[in-house]
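Take a look at the structure set out below.
No value in this document is a laboratory result; all are computed from the given coordinates. Values in this document were obtained by computation on a predicted structure and should not be read as measured data. Note that each Cβ is placed from the backbone with ideal geometry, even for glycine, and that neighbours are counted across all protein chains shown.
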Amino acid sequence: MRSGLQANSPEKSDNMNSLSSALANLSRLGFDLAELWRRGSPDTFALPVGGYGKRTLDIGFASILILAFFPLFLMLALLVKFSDGGPVFFSHIRVGRNRCAFRCLKFRTMAVNSAELLRCHLEDNPEAREEWELTQKLKNDPRITAVGRVLRKSSLDELPQLINILRGEMSVVGPRPVIRNEIRKYGQHAEFYLRARPGLTGPWQVSGRNDVSYETRVAFDRNYVENWSLVTDLVIILRTVPAVLLGRGY
């Protein structure tokens, strides 16, 4: 009997070593039990804010606008292309619901060498650098082309986001789409942003956009998610029209 136990001990030792090795590998891969539990929690699999009713509105609204504005869509695409020969569209990674990244589409409004222009501008202008660090935007942005300035002023550069809406990555109304680094600025309010699809328009668009502080924009997003209703979406859509016509763009 004793010899049998002794014979099994190397096997047990091998099993323990294999288990230790597996745990070490999981640790190196960055797995965390708490994170796995969070990802598998009911909130992760819950419907986004508004559920099926909001999604139905999104699909119907986006489909109608794409058909109605297709000639304008085509004209703007040609205008951007022939203005400087660069690409028609620009896509940038944004954070969506449940931290799912997606490519947010726009008509290109910046010069092809925009990264270099931004770097030089921020190096030469401390005030602009501070503004960029606070809001990730510049009121006097040297990267924007002449055509792009018109598109931004009228918000027509955002028309391609109707495609994002049909894909289910965005909604007609929702929080302002943000990049990954901006999520940190939401602090404890990030969970509210992550419960909804980002919007083509939203509370920030009809309440000043560049005229409000970042903290106020975060408060807008949280209040929208906490108090969502279909009536709220319809009101925001109606209020977006005069906001765009008045040129309260980026």
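Ordering ILE64, VAL95, ALA115 by Cα displacement along the dipole of the range 52-139 toward the positive end leaves ILE64 in first place; charges were set at the Cβ atoms of Lys, Arg (+1) and Asp, Glu (-1).
The string of couplings for the range 107-120 from the Karplus curve (6.51, -1.76, 1.60, θ = phi - 60°) is 5, 5, 10, 10, 5, 4, 9, 4, 4, 5, 4, 5, 4, 5 Hz, one whole number per residue in order, with x for Gly and Pro. Applying 1/(1 + (r/R0)^6) with r as the Cβ-Cβ distance of ILE237 and GLU130 and R0 = 30 angstrom yields a FRET efficiency of 0.30. Rounded to the nearest whole Hz, the Karplus-based 3J(HN,Hα) values (6.51 cos²θ - 1.76 cosθ + 1.60, θ = phi - 60°) of the range 70-75 follow the sequence 4, x, 5, 4, 5, 5, with x at glycine and proline. Taking amide H as placed 1.01 Å from N in the peptide plane, LEU159 has its amide H under 5 Å from the amide H of PHE107, each at least 5 places away in sequence or on another chain. Charge tally for THR232 (other residues, Cβ to Cβ under 14 Å; Lys, Arg +1; Asp, Glu -1): 0. Couplings 3J(HN,Hα) of the range 217-224, computed from phi: 4, 4, 4, 4, 4, 5, 4, 4 Hz, in residue order, whole Hz [Karplus 6.51 cos²θ - 1.76 cosθ + 1.60, θ = phi - 60°; x for Gly and Pro].
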